[in-house]
1. State whether the residues of region 283-293 include one that is surrounded by fewer than 20 Cβ atoms within 10 Å (Cβ to Cβ), within 25 Å of the chain's Cα centre (by Cα) and over 20 Å from Q136 (Cα atoms).
2. Name every residue in region 349-376 that is at pLDDT 95 or above and among the hydroxyl-bearing types (S, T, Y), in order of residue number.
3. Cβ-Cβ under 7 Å, sequence separation 6+ or interchain: first residue in region 50-63 and in a helix (DSSP H, G or I), partner modelled with pLDDT of 95 or more and of a type in the set (D, E). Which pairs?
4. Check off (1) more than 30 Å from L431 (Cα to Cα); (2) in a loop (DSSP other than H, G, I, E, B); (3) of a type in the set (D, E, K, R) for K141 and give me the number that stays unchecked.
5. Within region 270-282, which residues are surrounded by fewer than 17 Cβ atoms within 10 Å (Cβ to Cβ) and assigned to a helix (DSSP H, G or I)?
6. Among the acidic types (D, E), assigned to a helix (DSSP H, G or I) and farther than 30 Å from A276 by Cα: is that true of E447 in this structure?
7. Just to verify a result, which residue in region 193-233, among those that are more than 28 Å from A340 (Cβ to Cβ) and touching a residue at least 40 places away in the same chain (Cβ under 8 Å), is surrounded by the fewest Cβ atoms within 10 Å (Cβ to Cβ)?
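The values are calculated or read from the model by the stated rules, or taken from the named source; none is laboratory data. Keep in mind the model is a prediction, meaning the values are calculated, not measured. Don't worry about glycine lacking a Cβ; one is built from the backbone with ideal geometry, like all the others, and counts go over all protein chains shown.
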Amino acid sequence: MPEVRRIVPEKWKEWKEACLEYRCMCKPWIIMFAVYVIGISAILRANFNYRDDLMRVFNGQGGWENYGRYISCFLSWFIHVDTYLTDVSPLPQILAAVFMAAAAVTVWYIFSKDKHFTFGNLAALVPLGLSPYFLQCFSYKYDSPYMALSILVSVIPLLFWKDGYRKYFCIAAAGTLAMCLSYQASSGIFPMLVALVCLKNWNSGDKIQETLKFALYSAGGYVLGMAFFKIFLMPQADTYVSTSLPGIREFFPVVARNFVTYFHYVVKDFKIGWLALIFLLCLGFLFVMVRESSRKWLAAFSMSGIILLIMVMFSFGLYPIFSQPLFAPRAMYGFGIFVALVGTVVSTAEKAYLAKVPYILLAWCFFVFSFTYGNALREQQDYANFRLEAVVNDLNSLDIMMDGKEKKMQLIGSIGHAPVVKNMLKHNRILKRLVPTQFQAEQKPEEWKFYHNYGLKKVKRNRHKKTGEYYQKMNLPMLKDTMYHTIRGKDGRILIELK
């Protein structure tokens, strides 16, 4: 008993000291949470059922276990208070903001010297949660908290790297595994952080052996977590993304092609002004690293450049090594985190005022764009509802729909983007990839609302890619023709051509 009494107070003292140490993170967390919630307020107001949300709102099923996202499945039962997942938005998106704010403050804490949170630190962390790519993640009513959680569990291990390598190794492995079980697009965040910490340590004069030891323990924990997931928990996926690796001969050409595609999307998606600010931010980062380095300037410059290259390569996670990676914006938010990490390091430097201007301007650009994007979603939803209801009303007026027989229906074409959104696309090209049309042929999420939300009687979807029946080649007689669509049909077959 005396032994137990002695141990408990000691442990309690350790926990109390840890809580006091991290108390300085509370106020920054509240600030970042407020910034992120305000930034996504237009998305919340739009109340947009984003892609897979269309199906989940109707059938209440998550389906994340198909991709090994078991934490997402488990936590969803608590968030929705049921195994049938009803629409509880905006609660999931607010929880996502909670997790992203915690991840942002953790990043700041890792690199901050005096633990004093400034406006510059805030601005540097804005791209972490409000980059155009992660805004797509915030758009998902069901997925968003687990996407954000994967980022949080990726950065938390770095809080413990000074607490002993064994403890850090275990936490790194656990964090990597938790990331894989929530959302695998975050697979490059931990390596980016480790590379940056290695650079900071080496730059400040730490022994190379100590820096290498930290890197090896980090890599070991990361590989262990990845290997455990790959061997025991990861299901094989060969759908719109493939988890298979290319053969030995094709490996390097495939990986190189994938990287070229990712960078092509970044250059195509981002405005020239954004890219210029990111380039200037990287130059400012090199300047700060060389100025603060205890090494020779050429060595500091070269090493900083190498780390920048490593970080930007890892910003797309492990997707580039897959045979068929995911190029959707929601898989590329690591690039925004790369920008936030570089900006955070610059923001914690003394003076270097010119180097801090790019990330402040970039933060304002991303913050303003978040409202543009949210309002574009609202315009697109209004337009899609109008087009959907027009088709349903015209179907309801046709005699063929009243004969009591089952109809097989096909859609061709797309409503495209709303006229207002089309005008936005001229100045914000990334909106073309971010704003779904919500009514498009042969796109399962896009068609779902039409076939399921309007109570169409005795109507069965006939997907020509599966059945091989192409109604547009059958010369079906025209039943209704408007400026928005044409309806053809005969003998239980109905073809809707969207214009």
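1. no
2. Once the filter is applied, which keeps residues that are at pLDDT 95 or above and among the hydroxyl-bearing types (S, T, Y), region 349-376 yields Y359, S370, T372, Y373.
3. Correct list of pairs: V57/D87.
4. (1)
5. I272, G273, L275, A276, F279
6. yes
7. Result: L233.
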